[in-house]
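The values are calculated or read from the model by the stated rules, or taken from the named source; none is laboratory data. Everything quoted here is computed from the prediction, not taken from an experiment. So basically every Cβ, Gly included, is an ideal-geometry build from the backbone, and we count neighbours across all protein chains shown. What goes into the accessible areas is simple: the full protein's heavy atoms, side chains included, and nothing from ligands, DNA or RNA. Shrake-Rupley method; radii C 1.70, N 1.55, O 1.52, S 1.80 Å.
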Amino acid sequence: MQASDGLKSMVRSPTERIIDFYPAKEIDLKILVPVKRVIDYNIKVRVKADNTGVDLANVKMAMNPFDEIAIEEALRLKEAGVASEVVAISCGVTACQETLRTAMALGADRGILVETDVELQPLAVAKLLKAIALNESPQLIILGKQAIDDDANQTGQMLAALMGWSQATFASKVVVDASAGSVTVTREVDGGSETLTLTLPAIVTTDLRLNEPRYATLPNIMKAKKKPLDVIKPEILGIDVIPRLTTLKVTDPAPRSAGVKVANVAELIHKLKNEAKVIA
Amino acid sequence: MDFSQSEEHTSIRDAVGKICAQFDDHYWLEKDRAGGFPHELHRAFADGGWLGICLPVAYGGSGMGITEAAVMMQTITASGAGLSGASAVHMNIFGLQPVAVFGTEEQKQRMLPPLIAGREKACFAVTEPNTGLNTTQLQTRAERVGDHYVLSGEKVWISTAQVAEKMLILARTTPQDQCSKPSLGLSLFYTSLDRKYVELCEIDKMGRKAVDSNQLFIDGLPVPVADRIGEEGRGFEYILHGMNPERILIAAEATGLGRAALNRATRYANERIVFNRPIGKNQAIQHPLAESWMELEAADLMTMRAAWKYDHGEPCGADANAAKYLAAEAGFEACQRAVMTHGGYGYAKEYHVERYLREIMIPRIAPISPQLILCYIAEKVLGLPKSY
């Protein structure tokens with residue numbers, strides 16, 4: 001907050017030449033960060049007896065870890081004086097307010113909940129986020145690359161397509177050049193790393209190694225209680241969120257078969273050569 | 001009646017849980033073997049602003065209730081940090097409440113911020129070897145000499161004295177035979193623990209090796225009058241103020257550790273295959289664990305009720321004592337059942353539950369014995385004659 005206030009005061013000062021380098025639009029660099037409420041990553045997932053899904057009754061829920069990384073990156077940009085505001089958004093049931101409070105306890109300035117009891121699929125979320133983005137006019141939307149519950153890895157890409165914005169997925173490094181109106185993103189790809197420069201506004205999705213998210217401090221948890229949290233319904237936004245995909249069946253992964261013990265290195269080599277056939 | 005989890009409590013559990021996750025089972029196993037105060041954990045909680053959870057906002061605290069502090073302490077023990085983790089910060093959470101309530105503005109400014117920021121640690125020096133729970137009989141003397149007092153005497157079971165810069169100490173300023181009531185004549189001081197005048201002897205003990213317990217031999221410790229909290233002679237009353245909150249916190253710590261033990265036992269019962277099936281399929285294994293779950297939940301409800309009453313300014317003596325009794329017993333049962341569920345491995349340190357069993361003895365014994373709680377309930381709640 002201090003950093004961005006500092007930047008604003010610099011811009012306001014008529015005597016400073018620096019005003020030439022910071023045209024009005026950059027000090028308004030707002031970042032939207034969608035956060036999803038998912039089953040806590042520490043919890044052992046249990047499939048419902050009727051195979052219709054995962055049992056979420058009385059299970060600890062938490063913010064999707066990739067979204068925590070997205071929040072962290074947005075906060076770092078704000079603390080560096082690059083961004084002016086970080087807005088967290090969640091789509092889903094009323095309890096998603098908890099996830100938004102967590103985002104605000106970490107440092108997001110305010111929260112928006114698009115509240116619905118309908119099961120949301122990536123396309124519906126992308127449409128909802130588009131509606132919010134058109135209203136909020138952010139320069140940057142940072143999303144987790146995927147949620148750990150459905151592992152869909154689609155929302156960011158769909159949102160970019162719907163918005164007609166550039167996208168850089170699986171970011172391991174993000175550098176915003178506000179004066180140039182661009183963001184340079186390093187991506188982790190199979191062959192190594194790839195660096196892209198995108199013109200703002202843009203979509204970035206985060207990979208695991210982008211940063212290490214901070215913990216909420218108690219004073220910030222207290223402050224988060226007073227931050228604004230708006231709740232709106234999909235109908236108000238005019239978005240149809242009815243699922244297009246039907247889940248047929250959810251089952252446990254096949255149990256791993258037991259391993260074998262080998263008596264010595266010679267036997268191991270023999271088995272690797274002749275049974276597993278992984279070495280020649 | 002609202003039993004739903006508040007958003008705030010969920011935030012506290014999450015945030016405290018994340019700090020604790022940095023200190024894994026291996027960390028505590030090693031602390032239990034080699035000892036050494038968990039300074040890193042204390043620092044992490046100080047940096048996150050947690051040490052001032054119950055202290056006033058004006059001095060850097062967060063001004064929350066004992067309910068929130070109980071949620072915090074329960075999360076610490078439940079992480080597997082047990083009493084080693086909880087005791088490293090426990091004193092900070094409520095120990096300085098007498099200063100916050102009865103201290104002068106100058107004292108609060110001087111004493112609270114360094115504690116909340118984690119720059120200073122404090123210990124709580126009340127218990128004496130010759131008085132046990134009969135606190136009004138304390139013998140440590142504080143003699144007024146000009147602008148200071150001179151303290152001499154012995155204290156025992158003083159946790160964290162090895163690492164503390166400060167101590168909150170109760171000492172006799174008026175001989176008991178000159179007092180109109182037995183609860184008068186004791187005064188409270190928050191002062192520097194000057195090793196020139198205080199000899200510390202660490203007590204080798206059953207569990208919680210990382211957080212020291214000590215016998216203190218105090219010989220002529222000069223204490224400025226400015227370090228006396230409140231009026232001379234009324235220290236016992238000030239200390240009483242913190243007793244119910246302390247019982248509530250201890251209760252929350254006990255159920256937290258009980259849950260850690262129950263989790264381990266359940267996981268092991270599900271995974272351990274004997275006679276071609278998980279041992280958890282046997283009712284002899286299942287039932288004690290199910291019983292422990294119920295006992296821990298019930299104790300937790302009593303703890304939360306006591307905390308709620310305290311935070312709403314209602315008398316909570318019976319609730320706080322009952323919570324501490326129920327929680328410690330439920331925690332103990334859970335820990336010993338966890339050891340038994342593990343069979344031989346439960347006796348091995350690398351399975352952690354034997355450490356829990358040694359640590360859960362602390363909330364059973366301290367700060368008050370289960371027997372004296374029964375006496376209290378019999379006398380104060382049921383109206384039976386005082387038995388001691």
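Here is how the numbers come out for the structure above:
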quantity	calculated
Amide hydrogen neighbours beyond the local backbone of residue A:202, cut-off 5 Å, H modeled	A:140, A:141
Tilt relative to chain B, helix B:25-34 - C-alpha long axis, 0 to 90 degrees, to 10	50 degrees
With all protein chains modelled, accessible area of residue A:232 [1.4 Å, Å²]	50 Å²
Placed amide H near residue A:173: partners under 5 Å, 5+ positions off or other chain	A:186
Accessible area (Å², 1.4 Å probe, nearest 10) - residue B:333	50 Å²
Crossing angle, helix B:82-94 versus chain B [Cα axis fit, 0-90 degrees, rounded to tens]	30 degrees
Under 5 Å, built H, 5+ apart or other chain: amide partners of residue A:61	A:40
Translational diffusion coefficient (Stokes-Einstein; Kirkwood radius from C-alpha pairs) of chain A at 37 °C, 0.692 mPa s, in µm²/s	157 µm²/s
The stretch B:149-193 pair-distance distribution - Cα-Cα, 10 Å bins, rounded %	23, 49, 23, 5
Volume in Å³ per residue [convex hull over Cα atoms, computed for the protein assembly as shown]	228 Å³
Projected area, mean over directions - the stretch B:308-354, Cα convex hull, nm²	4.0 nm²
Estimated vicinal HN-Hα couplings, Hz - the stretch B:143-153 in sequence order (Karplus 6.51, -1.76, 1.60; Gly, Pro = x)	9, 6, 10, x, 8, 9, 10, 10, 9, 9, x
In sequence order, calculated HN-Hα J values of the stretch A:28-33 (Karplus, 6.51, -1.76, 1.60; Hz; x Gly/Pro)	9, 5, 9, 10, 9, 10
Spacing of the two label points (7 Å from each Cα toward its C-beta) at residue B:58 and residue B:371, in nm	4.5 nm
On Cα atoms only, tilt of B:317-342 relative to the major axis of chain B in degrees	40 degrees
Theoretical gain in end-to-end length, residue A:226 to residue A:248 [0.36 nm per residue, Cα-Cα removed]	3.6 nm
Neighbouring partner chain Cβ atoms per residue of B:3-15, average, 10 Å criterion	5
Additional length obtainable on full extension of the chain from residue A:149 to residue A:161, 0.36 nm per residue less Cα span	2.0 nm
Environment charge of residue B:305, counting only residues whose C-beta is closer than 12 Å and scoring Lys/Arg +1, Asp/Glu -1	-3
Karplus-derived 3J(HN,Hα), 6.51/-1.76/1.60, for each residue of the stretch A:111-119, Hz, glycine and proline x	x, 10, 10, 9, 9, 7, 8, 5, 5
Cα centroid separation - the stretch B:136-206 against the stretch A:53-72, whole Å	50 Å
Over chain B, relative contact order from alpha-carbon pairs under 8 Å, at least 6 apart, %	16 percent
Percentage relative contact order, the stretch B:237-381, counting C-alpha pairs under 8 Å, at least six apart	31 percent
Solvent accessible area, Å² - residue B:149, 1.4 Å probe, full protein context	0 Å²
Interface residues in the stretch A:211-257 - accessible area drops by 40 Å² or more relative to the isolated chain, probe 1.4 Å	A:215, A:218, A:221, A:222
Solvent exposure of the protein assembly as shown as accessible area per residue, Å², 1.4 Å probe	48 Å²
Net charge, residue B:295 excluded, C-beta distance under 12 Å - Lys, Arg +1, Asp, Glu -1	-3
Within the accessible area of the stretch B:170-298 (1.4 Å probe), percent carbon and sulfur	51 percent
Relative contact order (%) - chain A, alpha-carbon pairs under 8 angstrom, separation at least six	21 percent
